[in-house]
Amino acid sequence: MSTMDRECVSLLPRVCEVLADSGRSLHDDTSLEKLLDWFTELTKTDDGGSLLESCPCLLEFISTVVYNTASDPGVLSFTLKLTGLMAARENGFKILQESSVLDLVFNMQHWQEAGLWDDPCMRIGWIQGLQSMLQHPKAFSLFVQSDFIQPLLRLQSDTSLFVASAANQMLAHVLLHFQPPASTRSDGIDRKDGNDMQTCAPITAVTMETSGEYTAVVMALSEYLKESLVPEVNTQHHQSVQLLKLLALLLAQARPPLRDTLLRTVADSLEVLVTTAYAQLTLPLMDVILAAHSSSGGDKQDKHVSCLLSSMLNINRPVDLIKAAAVFLRRGHHDTVHTAQAVRILLLPLDVISGQSLLGTNSAAEKHRFSTTEQLKSKTSCISMICVCLTNTPHISLMPADVLPCPPGLIVTAVLTLLTICSGHTSLSSEVFRNVIGSGKVQKCALEALTALSCCPGAKEKANEVFTVLLQYLANPDSDPTVLHKSYQALIKWSVCTNPSCITDQLRRDLIEVVKKRVCDMRWEVRDSTVEFLGKVAGVRKQPEEVADRSEDLMISTSCTTPLLKEALQDPESYVRASAISALAQTLTHSWRQGAALTQEQTETVKQLLETLSKDTEGFARRAVIQYFIAWFSSSSSHSPPSSSSTSSSSLLMNSVRSVLSLGSADLDWEVKVHTLELARLLLDEALSGQRGYRKSLDTHPALLHPYAVVSDQAYTLHTHSEAVETDLAAVLNTLVELGVISALLSGLVDCDRPVALKACQLLITLRDTACPLSLGALDATAAIATLARVSCELPSWGWGQEIKKILEMKRSDWPNGVSVAAQRSFSSVDDDDTEEVGTKGAHSVCVSVCKVLRSLGLDERLHVLTQSSDHIHNSPLSLLQDLLTASAACAHTDTQPGQEVIVDCY
């Protein structure tokens, strides 16, 4: 068998024997699921019959287990699923049927008599095995002739939610997989729903021979739905919920023959559910009605569905009414009449509590005002209804005028009024008010809604009121930290989207006072939010000029922000320190881009950051320091190359780079090291961009990023000199050595964290291919290589240096074909000089040629290994089979000491 490894084929009979042994149990039941996953993959490329013929042990295993009812229920369930998988193809189905195994495997009475049916895993196995098998007409005929539809219907109300859900999916699969082709209407339009249900296989129409059988299945299900949808007692709500889920699933994809039959059968039952006060069924019932409504075609049955929808949007239970309206809007239907009705329903609680006239005149929702007001007097219902209302207000505010009953600006006013009531700043007295005063949940929902409403039509006119309310929240000592955080978010969003002319000097002064107070708050969460806010304020300045101007009119100036952030660098909480560093980077970006002169304050800040990088005990702050220097280097490089002048800020940056790379690459936090390599990448890009054949390092291996490697939110784009000058490669290498880039990359290459080693390896390959070529074209290769080979770097006698030296001692350069003999001799002679003449430098380091190191480390082979996860060894089918046998052998020894048990830990 081409799809199965020979070693796996040789082990499979022993594994089957172990699984069929009723006296053995598995320590890890998930190994059976993993084994089934493997068989599933095999059957995708192979016929089930072919699999049974190539591995006869599978058929023997199924026969043995089915007749041995003393087997472990987990193994039995696995066997049922495996049988269905093998029978999914007609060839496999035929082999299993001829072996008299298939009928017994899915004989429910057989398992009931053995006392095994009560175990939920057996019922799950039976259902999923059947579903896997039902992919062709022969399997469907067996399903009908065995009358499997009846037990499946009973399992809809199973005590196990997992079993009930599986039965639900199974019935949907049967009806949708085998439904006949779509009928064509008299106007020639083919009525077929475009949505695909992911849980069902590709639709296969029934044949002439099975059409009668399919009709019988549809009728059986329809009658069951008709009789069982309406619960007789409260305890049957669970069953009704499951049936409604099934019905919604079917109506979402059923083509007209099936869809029309189902709707015609359940119409009366649905009407009863709509008119009866079953609060638990509101949402699943709406799912059914909307599924039918979305596929409507204008016939009589669809008009009945529309009436049901109208009835749902008129039920006299405010809490359920609000939920129904919210579900309707979330589905994005474009039915003007019902949309307008849902909008008014959702605005009604906000209208009642705020006193704003949001519903207009002659509103159909007015008839619900009294019941809604009464329901709002209950605290639980009040908070629930208000939050649903607030969540939908941003979407409502953007609706067209023929749907929206009031100007969008009035909705903003209503939300502001609610926020004022929540904070207790109201002279009015109401039983409803008491339910929302001090409610953190309502305040958070209202602030989120207010943030989203900043872009709605007419929002700009409300900006002054918005800022006033937000500042009241920020100044309120009783405000919850999360509420304050959301207040900051709203303030930023509104400052960007509104007219700066509405911001008064008093508002600016108030904001500054509030921020100074909050940055010293006792709660670290508040301090963190405040510092983060200051960073976002500065970040706005990096936006287009028209936005930046607005920010300057409202937000705090840099002269006020910087001292606050520098003080926050000493905060006892690491989250706050990290946020302060990030905010400081955003604050200073503007001056970096302008190439500002070096100041004493910048020098002190850099000193403080380097101290944080070397001494801070928390990784958050150290990561932020590296990102600070990344942002600085990117901003200064985007306009001009680093200046050598001692009075420029860029000179301070370049003088700090070596310390940053040295400390960052030696950090214990793997994310700090990855960020450090990102800074090294930027330095490589800056140094090598003018070189022939150079490609940005991340573009070299775009598919090799590790799934949990750190990727910065900011895309850094560096621009080099306008003159495309061919820089001397030896000088470039010397510069990279002096800056500590080479040491950082070599250190990362042998790091124990794979994302670090992977990134370092990619960068080293880029450097090798650009700066240490084996062929220089028209240049004098021998002389050039000799010059490059003399560029050396130090390897410390401990840690990463020792690891690199071990590699160099074990591996020599592997020269590709076509390299001149002179070039090889040039490198070889320099290698000898490095080893013999240079020798040790002091007692602590060894000098080696950079090009020798880059050519001798076997970087391409290392990259291949690093890009493979450990799964390619441990997650293989062979490993799975070996682990099963090992665990079985260990279980056979009764003298195993506690703690020495073999756990099946394969993928």
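Every read-out reported here was derived from the displayed coordinates using simple, explicitly stated rules and does not represent laboratory data. Model, not experiment: these values are computed from the prediction. Every residue, glycine among them, receives a Cβ derived from its backbone with ideal geometry; neighbour counts consider all protein chains shown.
A few points about this structure:
- With the simple model of a label 7 Å out from the Cα in the direction of the Cβ, residue 794 to residue 146 spans 7.7 nm.
- Nearby lysines by direct alpha-carbon distance to residue 759 (threshold 20 angstrom, same-chain neighbours under 8 apart not counted): 673, 696
- Site pair residue 426 and residue 513 shows an inter-label distance of 2.7 nm when each label is modelled 7 Å from Cα along Cα→Cβ.
- Rg followed by Dmax, in Å, when the range 322-443 is reduced to its Cα trace: 13.6, 41
- Rough spin-label spacing in nm, given labels placed 7 Å along Cα→Cβ, for residue 379 and residue 465: 2.9
- Bridgeable lysines around residue 486 (alpha carbons under 23 Å apart, same-chain partners fewer than 8 residues away excluded): 441, 444, 460, 462, 516, 517, 536, 542.
- Taking amide H positions as modeled 1.01 Å from N, with prolines and chain starts lacking one, the residues under 5 Å from residue 847 and 5 or more places away or on another chain are 795, 841.
- Local net charge near residue 489, Cβ-Cβ under 12 Å (Lys/Arg +1, Asp/Glu -1): +2
- Pairwise FRET efficiency - residue 437 versus residue 154, Cβ, R0 = 56 Å, nearest 0.05: 0.65
- Rounded FRET efficiency, nearest 0.05, which uses the C-beta distance separating residue 357 from residue 311 and R0 of 22 Å: 0.20
- Close amide H contacts of residue 648 (hydrogens built in the peptide plane, cut-off under 5 Å, sequence separation of 5 or more or a different chain): 598.
- Label zone (residue 226, point 7 Å along Cα-to-C-beta; backbone nitrogen cut-off 12 Å) within the range 242-275: 261-269.
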